[in-house]
Each structure stands twice: as structure tokens, then as C-alpha cells.
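The values are calculated or read from the model by the stated rules, or taken from the named source; none is laboratory data. Quantities reported herein were computed from a predicted structural model and do not represent experimental measurements. Every residue, glycine among them, receives a Cβ derived from its backbone with ideal geometry; neighbour counts consider all protein chains shown. SASA here: full protein model, heavy atoms, side chains in, ligands and nucleic acids out. Shrake-Rupley method; radii C 1.70, N 1.55, O 1.52, S 1.80 Å.
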Amino acid sequence: RLDITKLSPRPRPDSTLTFGKVAFAKVGGRRVGDRDVAAAAEELGLRRPVSLPMAGRLELALDTLIDTQGRMEGVRASLEFGPDFVRIPQAAFRRYGGEVTTSADIDLTPQGTAPFSFNLQVRDLDAADFISQTTPLGSFARGTLSLDLDVIGSLDEFLLPERQTLVGSATFSLTGGGLAAVPVTRALSDFLGLESLRDPSIQDWSGSLLLQEGRVRISESRLEGAPGSPTVGGSVGLNGDLD
């Protein structure tokens, strides 16, 4: 039983501050609460090393890892590193009520931005818990979420993604849940006089999306179990623009 935070010389960061929220703020051109992105990144201790002074491989296995956001169980990870790269061939753990598997490859180019690739697979997670803790969307959705995501791009000196370089694709499914009230659903509910559209229930929603040119393009898909079973599609800019 080891308190990892006591090994760090940095003060413990705000428990509501996560890498995901800072990264979303960076690509969306927003602030992180009352901080700018650079200040939030500094608080989390994010900084790309110019060069690692060693090379090797680390195998990690932990029964339980507790952090400011909760706990991870069954942690298994492999890490390969050298003077100019960090690679995670695979990491897996249980959190948010489901299974998470990820891999990543980061180039430690000393100047400018550095290329990276990232893969994420999640299975049967609590959507509200996962989305609220890893993104600035709050409890945008509820239900059971599964997702397969692949992204490539470049990272800045804080290991945060550069919006114009990001390209990716994903498939997703949301079952037994729904969406929280957001400006779009509230406007539709008021316009059509249907209170059920304010925070619509969704029995099943599955589809795919493409990330390119700073926009997430969502393929047309049907919201089964929602009022009227609507078909939705279009694109959302990482800066919040909606089409």
C-alpha cells in the first residue's frame, strides 16, 4: 500500500482537473475554469521531456490504484522508452464500471511539436461517470457506453494535442440511457412543445464518427427508443460549432 502522491515534490492538483479536460480545452480554444490552458497544464505537471536519459522496458501490474478521481482495478501495462520515444504497447484496467484498454506512441522530438498515435477501447462503461471525469461535457449522456477510437496527430510542449493536426475515427454504442438536457435539446423541446425531448431517453444508439480538420463528423444513425426515433448526423467543431 503506497501513497504515490507523497513521492512527488509537486503539490496535489485540484481533484477536478484531469488531462482530458485540459486537452479538450486546448483543442477547443477554451479556458479550464478560471485558468488558461498553460496554467492548468503546469498545475498537472505536464511537460514533454527534451530527452530521456535512459532506455528500457517496464511491466506494471497493480491490483488497485486509487487517485483523486476514484479507483482503477486489475491494472496491467507495458511501457517502452528511449531517449527519443515513449511507447505503451498496451495498458488495461477496470474503471467506470467497465473495461478500458489503450495504447500510445509518442515521439520526443526536441523542437516544436511531436507526433503521436493513440488507441482507446472501452467496454460497457457507465457513460455519465466516464464522460464527466474525462471531458468538459459533464453528465452529457447516461447509460452503458462502448467505444473504439484511433487518433493520430501532434503534441505541444505540454503533451497536449494540436487541433489542426488531429485525424481519427471511432465507432460507438450507447444503450439503456439517454442524453442530458443541453441547449439543442432544450430548444427542440420548447419549439415542438415536447417535454420528453428535453433530456431524451435512448434505448440504443450506435454509429461512427470521423475526426478531421478540427471537426467531429458523425454518420447518420437512428436514436432507437428516443421520442420519434429520430435520425441524427452532422458535425461538431472542436471549438463548439454545430452543423
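Odds and ends about this structure:
- Matching entry among Gly138, Gly240 (being closer than 24 Å to Thr16 by Cα, of a type outside the set (Ser, Thr, Tyr), surrounded by fewer than 14 Cβ atoms within 10 Å (Cβ to Cβ) and in contact (Cβ under 8 Å) with a residue 60 or more places away in the chain): Gly240
- Selection from region 117-130 of residues that are open to solvent by less than 40 Å² (accessible area, probe 1.4 Å), assigned to a strand (DSSP E or B) and farther than 20 Å from Leu160 by Cα: Val122, Leu125
- Selection status of Val151, under 15 Å from Leu166 (Cα atoms), crowded, with 17+ Cβ neighbours inside 10 Å and within 15 Å of the chain's Cα centre (by Cα): yes
- Scanning region 16-46 for residues that are at pLDDT 85 or above and not in a helix (DSSP H, G or I) yields Gly29, Arg30, Arg31, Val32, Asp34, Arg35, Asp36, Leu46.
Here is a yes/no grid of residues against (1) modelled with pLDDT under 90; (2) assigned to a strand (DSSP E or B); (3) under 20 Å from Ala128 (Cβ atoms); (4) open to solvent by less than 30 Å² (accessible area, probe 1.4 Å):
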| residue | (1), (2), (3), (4) |
| --- | --- |
| Gly168 | no, yes, no, yes |
| Thr171 | no, yes, no, no |
| Ala181 | yes, no, yes, no |
| Val184 | yes, no, yes, no |
| Ala187 | yes, no, no, no |
| Ser196 | yes, no, yes, no |
| Ser208 | no, yes, no, no |
| Glu220 | no, yes, no, no |
| Ala226 | yes, no, yes, yes |
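- Taking region 59-116 and the strands (runs of 3 or more DSSP E) fully enclosed by it, the elements with 1 or more residues that are loosely packed, with under 15 Cβ neighbours inside 10 Å and out of contact with any strand residue (DSSP E or B) (no Cβ under 6 Å at 6 or more places or on another chain) are at 70-82.
- Arg1 meets the stated requirement of being of a type in the set (Lys, Arg), assigned to a loop (DSSP other than H, G, I, E, B) and farther than 30 Å from Glu213 by Cβ.
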